[in-house]
Amino acid sequence: MALIQEFERTGNLLFKYRGQIPVLIFLIALPVVCLTNQDWYAEVGLGHYNAWYITLCVLAFLISLAGLVLRAYTVSTTPKGTSGRNTRTQVADTLNTQGIYSVVRHPLYLANYLIWAGILVFTMNVWAFLIVSLLYCLYYERIMFAEEAFLRSRFGEQFEEWSARVPAFLPRLRNREKSPMTFSWKTFVRREYVTFYSTIFTYTLTDYLLFFLMHRHIYTCLPLHQWLRPSLWILAVATVLLITIHMIKHHTAVLKNDNRD
């Protein structure tokens, strides 16, 4: 099998599981977090809300928030049946070339990387950040290759012209063209509420992992109030919102009737 065919085959395979594989990559990175930088965590007073810790937390949250906003904008301004709305298989009735797709060819993959990059910054572990970023580059490269092979065969010269002027992963803002569709709050809530919740859940899990590493020798003696960290309260609120939105989505028509899905 020619190398180009192998790239396309493995890219299509990874495409089918692109929602699960990033989680697996992150779980692979957790042992790196657990086995390195533990002494440094203690030195900086991880979890004690000093200036260094708060600054890194804010930076991490802003990076992930940028990814979440980019996902929300992309999903909520992309028409049905186009190259950005496929799920399990390669599907595209038309090629997206306007809006966010006039700035970057793969905005959702960029958004996903930013979300995870923020979480990795939150771990304050350089090795975890570098290893996961490398794995993500290899992983997304194959998927983007397979997607673009499909789009090239489907749209020919239109794809070639678009790909020649729009970068694959690093946005070129001066290229921006207005999207033909306005932002839809219904689409945003309906399609992205699980992504927002998953991000909050992962931050909470990571926060407690780091808290455990910080207090691993005395964690059984810590009073209950020290285990009730702010991330847990945020997750509790997010869980209530998740259940509420899920009920509204599946038992009412409030989030429907915008002709986006």
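The values are calculated or read from the model by the stated rules, or taken from the named source; none is laboratory data. Being a predicted model, the structure only gives us computed values, none of them experimental. Positions of Cβ are generated from backbone atoms using ideal geometry, with glycine treated the same way; all protein chains shown enter the neighbour counts.
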Inset, instruction - Pull up region 139-163, narrow it to residues that are surrounded by 17 or more Cβ atoms within 10 Å (Cβ to Cβ) and acidic (D, E), then point me to the one that is farthest from the chain's Cα centre (by Cα). - result: E148
Legend entry - Contacts under 7 angstrom Cβ, first residue in region 148-165 being touching a residue at least 60 places away in the same chain (Cβ under 8 Å) and on the phi < 0 side of the Ramachandran plot, partner surrounded by 11 or more Cβ atoms within 10 Å (Cβ to Cβ) and among the acidic types (D, E), 6 or more apart: A149/E8
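Would you pick out the residues in region 194-203 that are under 16 Å from L108 (Cβ atoms) and hydroxyl-bearing (S, T, Y)? Lay out the reasoning, then the answer.
Taking region 194-203 first, the residues under 16 Å from L108 (Cβ atoms) are 194-196, 198-199.
Those that are under 16 Å from L108 (Cβ atoms) and hydroxyl-bearing (S, T, Y): T195, S198, T199.
Where residues in region 164-176 are over 19 Å from E148 (Cα atoms) and modelled with pLDDT of 85 or more, which of them is surrounded by the most Cβ atoms within 10 Å (Cβ to Cβ)? First the steps, then the outcome.
From region 164-176, those over 19 Å from E148 (Cα atoms) are 173-176; that's our starting set.
Still in the list and also modelled with pLDDT of 85 or more: 173-174, 176.
Working: L173: 8, R174: 6, R176: 15.
Residue satisfying both the conditions and the ranking: R176.
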Legend entry - Close pairs from region 71-83: first among the charged types (D, E, K, R), partner surrounded by 22 or more Cβ atoms within 10 Å (Cβ to Cβ) and at pLDDT 85 or above, Cβ under 7 Å, at least 6 apart: R71/A111
Legend entry - Matching option when the condition is surrounded by fewer than 14 Cβ atoms within 10 Å (Cβ to Cβ), closer than 29 Å to Y193 by Cβ and at pLDDT 90 or above, among L232, L242: L232
Inset, instruction - Would you check if T182 is in contact (Cβ under 8 Å) with a residue 60 or more places away in the chain, hydroxyl-bearing (S, T, Y), on the phi < 0 side of the Ramachandran plot and loosely packed, with under 15 Cβ neighbours inside 10 Å? - result: yes
Inset, instruction - Please specify each residue of region 98-140 satisfying the condition of being touching a residue at least 24 places away in the same chain (Cβ under 8 Å), more than 21 Å from T202 (Cα to Cα) and not β-branched (V, I, T). - result: Q98, G99, Y101, S102, R105, H106, P107
